[in-house]
Ligand SMILES: [Zn+2]
């Protein structure tokens, strides 16, 4: 009864969404296969019960890539 329309708030932007299960799974996959993503400040501060919306995941992935790019260029 309580679980059918459970909604959660995004850990980053605080927006309430109801399709978080999808993004929870994507997040787990991202964290599992991408150690740079896993090491991101936001991601590493999350608990198991926190969740991030599509928009913020994309933002974090972009930040991770940008950080890697700047590291690689820094010689
Ligand atoms: Zn968000």
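The values are calculated or read from the model by the stated rules, or taken from the named source; none is laboratory data. As the structure is a prediction and not an experimental result, all values here were calculated from the model. Neighbour counts run over all protein chains shown; Cβ positions are idealised from the backbone, glycine included.
Summary table below
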read-out: Segment 1-12, residues that are at pLDDT 80 or above and either surrounded by fewer than 16 Cβ atoms within 10 Å (Cβ to Cβ) or touching a strand residue (DSSP E or B) at 6+ places or on another chain (Cβ under 8 Å) (or both); value: 9, 10
read-out: Test result for residue 25, exposed (fewer than 10 other Cβ atoms within 10 Å of the Cβ), assigned to a helix (DSSP H, G or I) and either at pLDDT below 85 or out of contact with any helix residue (DSSP H, G or I) (no Cβ under 9 Å at 6 or more places or on another chain) (or both); value: no
read-out: Test: residue 15 is modelled with pLDDT of 85 or more, more than 12 Å from the chain's Cα centre (by Cα) and within 13 Å of the ligand (Cβ to nearest atom); value: yes
